[in-house]
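What follows is a set of notes on a single structure, which appears directly below.
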Amino acid sequence: MNDIILPVEAADSITIANLSNMRNYLQSELDQWKTNPKNDNNPTGYWLHPEDVGKNAKMIMHLNEVIKYFGGDIE
């Protein structure tokens, strides 16, 4: 089997893109929930598990640091 060899810059770009996509997904979930949270008074709102609200915010903070480590920009 042949090994795949990528230049470091290409590997870092792939890593940054993947981490940024994940961060953006988590942020969009939080934004939707903050704008229109589902609750008893708003049964048609956006539902996000209560544990995920805190975990998403914490993960976004950590992803920002890792993205910066690889040379990416935080939007």
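Please treat every number below as a calculation from the coordinates, not as lab data. On a predicted model such as this, the values are computed, not experimentally measured, just so you know. Cβ atoms come from the backbone with ideal geometry, glycine included; neighbour counts cover every protein chain shown.
Would you call I4 loosely packed, with under 14 Cβ neighbours inside 10 Å, among the hydrophobic types (A, V, I, L, M, F, W, C) and not in a helix (DSSP H, G or I)? Taking the combined requirement at face value, the residue satisfies it.
For segment 41-75, the set of residues classified as of a type in the set (A, V, I, L, M, F, W, C), over 28 Å from A10 (Cα atoms), over 11 Å from the mean Cα position of the chain (by Cα) and in a helix (DSSP H, G or I) consists of V53 only. In segment 29-57, the residues that are free of Cβ contacts under 8 Å to residues at least 24 places away in the same chain and closer than 23 Å to L19 by Cβ form Cβ pairs under 6 Å with partners that are surrounded by 12 or more Cβ atoms within 10 Å (Cβ to Cβ) and of a type in the set (A, V, I, L, M), at six or more places apart or across chains, as follows: W33/L48.
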